[in-house]
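Novice: One structure follows; several queries about it will come next.
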Amino acid sequence: MESDFPLRKIIHVDMDAFFASVEQMDAPELKGKAIAVGGSEKRGVVSAASYEARKFGVKSAMSGIQAKRNCPELIFVKPNFERYREISKQIRKIFLDYTDLVEPLSLDEAYLDVTVNKKGNPSASLIAEEIRARIFKEVGLTASAGISINKFIAKVASDYNKPNGQKTVNPEDVLVFLEDLDVRKFYGVGKVTAEKMYQLAIYTGKDLKSKSIEYLESHFGKSGHYYYHVVRGIHNSEVRPNRIRKSLAAERTFSENLSSEIFMLEKLEHIAEEVSKRLTKNKVAGKTITLKIKYSDFTLQTRSKTLNYFISDAHLIMDTVKSLLIQEELTNSVRLLGISISNLNTEKPNKKVEQESVSVQLKFQF
């Protein structure tokens, strides 16, 4: 595999069970215990689970009822997002001591390009170790890291030795690493896609690599192009410090199911105000408004409308949301409502970059 495309030294840092770990750090009596952030034993959805809870199969997006069934000793903790944001800022400051090329994916994970770094350290692996040690010393939390030649492999690698570990995939090891990997571990392959791949006898990266781009596109659409290239170690996306946001959203799960549209509109007004505040804070506006409805039986429905102009005002958002709510009858009582705005005025047309191979320079130090 030889190419003129330059190799990068990319680190993906992923905090270990971030929300739950922050709660355990702030409340020592919760350390070593199975906790769920968000939800309750009667309703709601788990936002995060401690590793002690994960042993019982408790995970994010699981209903509180199911989580409690899985783990009768589970302790539910109310989320404190202000605190999580505060800790996230502390961690980000540590990242910026090493490079300005930091691309946050969320509060608890980020990509760092350390090809050229402020410490003048040629070893991305040693930089990752130092960053993780500083996070533990200065913040009190553990982090895991993946280190490799591009963002895709670094992200996959960061999950390899979790929690509190790291994995370096050197240039010469990329193809073997990907070929041996279960397709469920590939970033971008969700549960449904993994099941479909299994049905097609695609179990590992090696199986995936044996399929032609035409075969993959015929079975997986546009994603087939992505799978064809990443399994060959090809992913030329740069670390973008100012990553363009594609949507903004807010939602609420209610303590009691709502069956009256009047009550729903009242709740939606508060949600629209929250979305409007976030749009204003980020200095953006959008054209596509989506109403999210989760019924009491957990079925999910979305209704969208795209306008001819950009909006960010709460009243204008609500005008569209009202029309979406009444456009068809509700099939059941409602437990969750959400509003998202997409098609933002920050989006730019994507320029597709084709790569036929990934360069390997054995002297490139990791």
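Novice: Would you mind giving the average projected area, over all directions, of the Cα convex hull of segment 220-311 in nm² with one decimal?
Specialist: 9.7
Novice: Got a sec? Which residues in segment 109-146 would a label at N164 touch, if it sits 7 Å along Cα→Cβ and we count backbone N under 20 Å?
Specialist: Only 109, 126-146 pass the distance filter.
Novice: Hey, another quick one. Using 0.36 nm per residue of separation minus the Cα-Cα distance, give me the extension gain between D313 and E329 in nm, one decimal.
Specialist: Value of the extension gain: 3.1 nm.
Novice: Give the shape of segment 144-257 as rounded, prolate or oblate, defined through the alpha-carbon gyration tensor: a ≥ b ≥ c are the square roots of its eigenvalues, a/c under 1.5 means rounded, and otherwise the shape is prolate if a/b is larger than b/c and oblate if not.
Specialist: oblate
Novice: A follow-up question, please. Of the GluC sites (Glu not before Pro) in segment 1-107, which ones lie in a loop per DSSP and count no more than 13 other C-beta atoms within 10 Å?
Specialist: Passing sites in segment 1-107 are E2, E73.
Novice: Beyond a 22 Å Cα-Cα separation, which of these cross-linked pairs lie in this structure: K151/K185; K9/K155; K281/K322?
Specialist: From K151/K185; K9/K155; K281/K322, over 22 Å: K281/K322.
Novice: What Rg and what Dmax come out for segment 23-79 when only alpha-carbon atoms are used, in angstroms?
Specialist: Expressed in Å, the Cα Rg and Dmax of segment 23-79 come to 9.8, 26.
Novice: Could you tell me which of rounded, prolate or oblate describes the chain, using a ≥ b ≥ c as the square roots of the eigenvalues of the alpha-carbon gyration tensor, with rounded for a/c under 1.5 and, failing that, prolate when a/b is larger than b/c and oblate otherwise?
Specialist: Prolate shape, in that a/c is at least 1.5 and a/b is the bigger ratio.
Novice: Considering only the chain, what is the antiparallel percent among its DSSP beta bridges, to the nearest 5?
Specialist: Here the share of antiparallel DSSP bridges comes out near 90 percent.
Novice: Name the chymotrypsin sites (Phe, Trp or Tyr not before Pro) in segment 200-277 that are in a loop by DSSP and that have at most 15 other C-beta atoms within 10 Å, would you?
Specialist: Sites meeting the loop and neighbour criteria: Y203.
We did not get these values from a lab; they are worked out from the coordinates using the rules stated. Just so it is clear, the structure is predicted and the values come from calculations on it, not from any experiment. Because the Cβ atoms are built from the backbone with ideal geometry, glycine has one as well, and the counts that use them run over all protein chains shown.
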